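The values are calculated or read from the model by the stated rules, or taken from the named source; none is laboratory data. Keep in mind the model is a prediction, meaning the values are calculated, not measured. FYI the Cβ positions are ideal-geometry reconstructions off the backbone, even for glycines, and counts take in every protein chain you see.
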């Protein structure tokens, strides 16, 4: 079973996406918590020094002969110690 603690989806430029990923990378490298905010939704996560990292590229087929959708996913996963979150707007990563 999965509980979604935070979710944000919006069209962004490549530069904006790179900035979000860079902020996460900087926080991971510094050993800092990662806080995600969008509107009234917020969650702060404290990744441990070592975590599982998954990268996945997918093609979703449209099924009617038209081109599908491509995606790349980056996932950092670890056993839960303590986390908190709450509940849309512009995404920020601190």
Report task. Examine region 3-19 for a residue that is exposed (fewer than 12 other Cβ atoms within 10 Å of the Cβ), within 15 Å of residue 77 (Cα to Cα) and over 14 Å from the mean Cα position of the chain (by Cα), and state whether such a residue exists. Result -> yes
Report summary line: Those residues of region 25-46 which are in contact with a helix residue (DSSP H, G or I) (Cβ under 9 Å, 6 or more places away or on another chain) and surrounded by fewer than 15 Cβ atoms within 10 Å (Cβ to Cβ) amount to 32, 33
Report task. Filter region 63-94 down to residues that are surrounded by fewer than 10 Cβ atoms within 10 Å (Cβ to Cβ) and either modelled with pLDDT under 90 or at positive phi (or both), then give me how many there are. Result -> 8
Query raised in the report: Is it the case that residue 16 is over 23 Å from residue 71 (Cβ atoms) and either in a helix (DSSP H, G or I) or modelled with pLDDT of 95 or more (or both)?
Result: no
Query raised in the report: Which residues, taken from region 23-52, are under 12 Å from the mean Cα position of the chain (by Cα) and under 19 Å from residue 72 (Cα atoms)?
Result: 23, 24, 25
